[in-house]
Amino acid sequence: MDKRRTWFVLGLTIFLVALFIAGVVATQTQNSTPALLPAGLKQYAAHPQVRNFTLYVRDNVLKMPDGKQIYVFGYTDDPHGRAKVPAPVIVVNEGDTVNITLINDKDPTISKYANGDGHTIHLHGLDLSSTYDGDPMTAPPRTADGQIITTPVSENSNIQPVLGPVVQGQRFTYHFIANYAGTYWYHCHVEVEEHVQMGMYGALVVQPAGTPNQAYIDTPTFNKQYTFVLSEMDSAAHQMDHANIYDNGPVMNWTHYKPDFYLINGKAYPATLTDPDASVTATRGQTVLLRFVNAGSKVRSISSPGVHFLVVGTDGRKLDNPYTEDTLRIGPAERYDLIVQLNQAGRFIMHDHIDAALTDKALTVINVNNADGSNPVPLPTANTKG
Ligand SMILES: [Cu+2]
C-alpha cells in the first residue's frame, strides 16, 4: 500500500468515527429535549395509575315519588350495602390501567325455585378482547375442568374461553387500559334484557389526562359536570320478575315491556327536581358539562327550553366538528357529551318529546342562580297530571 492510499484510508476512518460520535451525541440530545408539538396542540401531563374497583351483586327496593316500590337487583361497591341503581360511576384517567373485579358472593337470582343466572360486566365502548367483553357466549375464560380464570390472561396464552357467566361463588377481574377519554357505560350481559332492566347498569368516565375540567383535550373547560344515566322501569315487570325468582311465578316476557317510570340516576320526577344528582344547579355565567348515558331501551328526545347544547363528543370519542342543537336525540346505549353555557338566570325545565305523558311531566330542571345564590324564578311545583 502506498503512502497516499494509507493517508486516504486513515482520513476516511477518522471521518467515519467522527460522523458516528456526532450521530450518537445528536440522538442523545434529541432524547433529552422534549419534542416540539405542532402549533395549536397542548402538551399535558399524563400520570397513568393502576386503578382497582370491586363490584358485588345485590338487590334493593326503589321507592318512587308516588309511593310505588320497585324490586331491583344491580351492582354495588359496598359488600355490606344494597344494590345501587345506577351502579357507582367509575371514573378513571386516560392512560390508567383498570381492573374491575366482579364478586358474585350473594347472587340475588338464586332462590329455592331458581338456581341463579350468574352475572358479568360488559364494558360498553371500550373495545376489549372477547376475554373481557362480559358476553357469556365468549367470556370469561375457564380452564379445561371448568374453573374460572381469575387473573388477566395474555392474548397468546393457551387458555380457551368457555361459555359462561360468573356464577355464585366465583369472581372475575375485567382488565383494560383506558385509551380514550370519553363517556362509557357498563352492564350485565347475562339474560341481558332482564338483568339490565332490573338495574344492572352504570356509567364509566375516562377523563383526559391532566385536564379533568375538560371532556376532551381542546374542548371548552367547564366549571361543573354531571353524569346523567337515563333509564326506564316497568314496575309491573319488576314485580313479575321478583315473583318468578322467589315464588315460582311465570317468566316475564321482556318484549312486552311497558315502562311507567323514566329515571335520571335512578330518580323519577318530581324527585328529580330537588335531587342534587338528578338536576343541574349552577351560577349564571358558568359552563357545565352534561354526560348523558342512555341505559334504557327507549329512544329519548331531550330538550330544555332556553338552553342550547354544544355536542363535543359521543360514544367515547371527541367529535371532529362539535355542533349545536337544542334537542338531544339519544338511542339505547348511546352517550353524548354536551357543553352548556348558562348565561341567563332562571330555571329551565328539561323535557322528553317522545312520550306525551312525559313531555307533560318533565324530566328534571336546570337551575341557574345569580352570583348571590338568588334565583328570579321560584322552584317549579310538581305537575301531577299525565
Ligand atoms: Cu346479571
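Values quoted throughout were computed directly from the atomic coordinates according to the rules given, and no laboratory measurement underlies them. All values derive from a computational prediction rather than experimental measurement. Positions of Cβ are generated from backbone atoms using ideal geometry, with glycine treated the same way; all protein chains shown enter the neighbour counts.
General remarks:
- DSSP beta bridges in the range 224-369 [antiparallel fraction, %, rounded to 5]: 75
- Filtered trypsin sites (Lys or Arg not before Pro), the range 298-337: DSSP coil and at most 11 other beta carbons within 10 Å: none
- Listed from fewest to most Cβ neighbours within 10 Å, the set Ile217, Ile264, Ile121, Ile14 follows the order Ile14, Ile217, Ile264, Ile121.
- Interchain or long-range residues, amide H under 5 Å from Gly316's placed H: Thr183
- Treating r as the C-beta distance of Asp326 and Ile103 and R0 as 35 Å, the FRET efficiency rounds to 0.20.
- Likely footprinting exposure, Val206, Val299, fewest C-beta neighbours within 10 Å first: Val299, Val206
- The slack between Ala236 and Lys258, meaning 0.36 nm per residue of separation minus the straight C-alpha distance, is 7.1 nm.
- Theoretical gain in end-to-end length, Gln341 to Leu379 [0.36 nm per residue, Cα-Cα removed]: 11.6 nm
- Lys, Arg +1 and Asp, Glu -1 on Cβ, resulting dipole of the range 224-369 about Cα centre, debye, nearest 20: 480
- Taking Ser279, Ser374, Ser297 and counting other C-beta atoms within 10 Å, the order from fewest to most: Ser374, Ser297, Ser279
- Set of aspartates and glutamates with alpha-carbon distance to Lys106 below 19 Å, sequence-local pairs under 8 removed: Asp59, Asp77, Asp78, Asp117, Glu191, Glu194, Asp241, Asp247
- Which of Thr287, Pro332, Ile302, positive extreme of dipole for the range 224-369 (C-beta unit charges): Thr287
- Linear extension gain, Glu193 paired with Ala243, 0.36 nm per residue minus alpha-carbon span: 16.3 nm
- Residues His353 and Tyr180, FRET efficiency given R0 of 30 Å [Cβ-Cβ distance, rounded to 0.05]: 0.45
- Simple Cβ-charge dipole of the range 220-299, Lys/Arg +1 and Asp/Glu -1, about Cα centre, in debye nearest 20: 480
- Annotation: for a label point projected 7 angstrom from Cα along Cα→Cβ of Asp66, residues of the range 276-308 with backbone N closer than 20 Å are 297-298.
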